[in-house]
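The values are calculated or read from the model by the stated rules, or taken from the named source; none is laboratory data. Please read these numbers as outputs of a predicted model, since none were measured by experiment. So basically every Cβ, Gly included, is an ideal-geometry build from the backbone, and we count neighbours across all protein chains shown.
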């Protein structure tokens, strides 16, 4: 590793080795060569004069790429695809005359990007399913533990720790549905020629349209796709890139929301992300236990979300059959969106696997607010005991404001129930069970059970191998 040039932290610190390998020069250019092999095979099958010896030579050298030679050629030619055509031809001299026959550069560049994006989406699907499964287990474990709910980030009707976790989990389930759809609908560019008209291939096959169409189908099948895009210019529509990055951006949105909630809960000392034995929270404040993994999730998620707009603008500014201003942008945005999303899901899995819940603190915070939550039920009980609803409402309002003033201005305890007990208007109301939080959580535990049975269990069955896959290590 060189320490005198910039090191992309997505590679050096965050993403998995597998995802880093997917977007490596080796994988990219080996895929180029496999595309050239598939093209030559299909052209031979349809009658072009390509020998078995030439094909054998191409197949024998798909992975042994001389990157130094390719760099020398590119420096001279100023064209990356032609540099690799020459490099390939040097180790496959018999096949040199037919490498890239009839193709344009986007035959290898665009088709490779589509192949790699599909593999990348499949990798992310595995990571995502693992997070969903673990979050659902956490939700089940804490399905009935009451905690303070929040609306407007203000105390609201109680929920349960498990029910809140289902909200995080369901966001990711919705992302999984989008991811599945994008994998299923992703197609190959196929064999379309310089401006998408297949003119060169039509010339090669002496005007035989049926053979040109069959060439497109055969290459598509050889590369493992069921379909190719119906029409293209020189490139496939950059709308596809925007759609893929929207899926990654959606995962990032969900991750950011989840991680932000955990950061807020850790501030309240109710739920904590894992904290290792020798981990340092602050270089100055030795006592601190900072939610650094969740903070990293938020930082990476914002980065991925910012890339959505780049893909959208690239699509919007493609002129006619294509312009080249997409190239440099896509070299950055597509791989880095996948690398960062991969890192996010690794972090989320690590956090969810090690979440620590503090029931006593949760109960303390709930009890501080519960008297206010119980006022509606107390009001109804007072009416049933013969009281006047409007009079009781006004008394509760006055007592609540006075109790709140003691809490806020004096730092005292919430004494609302004591105030109500000494009010003659509530003398016949039983206040003994008012502080039982489970009376106020509605169907939260049952909602968790139903969610897991109806939504999560089918995912677990569909992706059993992914659910049971070991988690990736958080690298730094």
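For the reader, a short list of remarks on this structure follows.
- Flag for residue 425 being over 25 Å from residue 406 (Cα atoms) and surrounded by 12 or more Cβ atoms within 10 Å (Cβ to Cβ): no
- Just one of the listed residues (345, 307, 332, 300) is over 15 Å from the mean Cα position of the chain (by Cα) and in a helix (DSSP H, G or I), and it is 332.
- Considering the stretch 9-26, and only residues there that are touching a residue at least 24 places away in the same chain (Cβ under 8 Å) and in a loop (DSSP other than H, G, I, E, B), the residue that is nearest to residue 339 (Cα to Cα) turns out to be 15.
- Condition met for residue 98 (buried (at least 20 other Cβ atoms within 10 Å of the Cβ) and either within 22 Å of residue 113 (Cα to Cα) or in contact with a strand residue (DSSP E or B) (Cβ under 9 Å, 6 or more places away or on another chain) (or both)): no
- Taking the conditions (1) at pLDDT 95 or above; (2) under 30 Å from residue 209 (Cα atoms) in turn, residue 104 satisfies each one other than (1).
- Some residue of the stretch 269-277 being more than 16 Å from residue 358 (Cα to Cα), at pLDDT below 95 and out of contact with any strand residue (DSSP E or B) (no Cβ under 9 Å at 6 or more places or on another chain): yes
To keep it simple, each residue is scored yes or no on (1) touching a strand residue (DSSP E or B) at 6+ places or on another chain (Cβ under 7 Å); (2) touching a residue at least 60 places away in the same chain (Cβ under 8 Å); (3) surrounded by fewer than 17 Cβ atoms within 10 Å (Cβ to Cβ).
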| site | (1), (2), (3) |
| --- | --- |
| 352 | no, yes, no |
| 356 | yes, yes, yes |
| 359 | no, yes, yes |
| 368 | no, no, yes |
| 374 | no, yes, no |
| 378 | no, no, no |
| 382 | no, no, no |
| 398 | no, no, yes |
| 406 | no, no, yes |
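- Each residue in the stretch 47-82 was checked for being more than 37 Å from the chain's Cα centre (by Cα), surrounded by fewer than 18 Cβ atoms within 10 Å (Cβ to Cβ) and in contact (Cβ under 8 Å) with a residue 40 or more places away in the chain, and 4 of them qualify.
- Test: residue in the stretch 67-82 that is more than 30 Å from residue 179 (Cβ to Cβ), touching a helix residue (DSSP H, G or I) at 6+ places or on another chain (Cβ under 8 Å) and not in a helix (DSSP H, G or I): yes
- Filtered residues of the stretch 83-112 (kept if assigned to a helix (DSSP H, G or I) and under 35 Å from the mean Cα position of the chain (by Cα)): 84, 105, 106, 107, 108, 109, 110, 111, 112
- Test: residue in the stretch 227-240 that is surrounded by fewer than 17 Cβ atoms within 10 Å (Cβ to Cβ) and in a helix (DSSP H, G or I): yes
- The condition of being surrounded by fewer than 21 Cβ atoms within 10 Å (Cβ to Cβ), more than 30 Å from residue 254 (Cα to Cα) and touching a residue at least 40 places away in the same chain (Cβ under 8 Å) holds for only one of 200, 140, 221, that being 200.
- Some residue of the stretch 350-369 being modelled with pLDDT under 85 and in a loop (DSSP other than H, G, I, E, B): no
- Residue within the stretch 159-182 that is in the same structural domain as residue 298 (by TED's automatic domain parsing), under 25 Å from the mean Cα position of the chain (by Cα) and closer than 21 Å to residue 109 by Cβ present: yes
- Just so you know, in the stretch 44-66 the residues that are in contact with a helix residue (DSSP H, G or I) (Cβ under 6 Å, 6 or more places away or on another chain) and not in a helix (DSSP H, G or I) include one that is farthest from residue 207 (Cα to Cα), and it is 66.
- Pick from the stretch 12-36, criterion surrounded by fewer than 18 Cβ atoms within 10 Å (Cβ to Cβ) and under 28 Å from residue 85 (Cβ atoms), ranking: nearest to the chain's Cα centre (by Cα): 21
- Residue 445 modelled with pLDDT of 90 or more, farther than 30 Å from residue 341 by Cα, under 30 Å from the mean Cα position of the chain (by Cα) and not in a loop (DSSP other than H, G, I, E, B): yes
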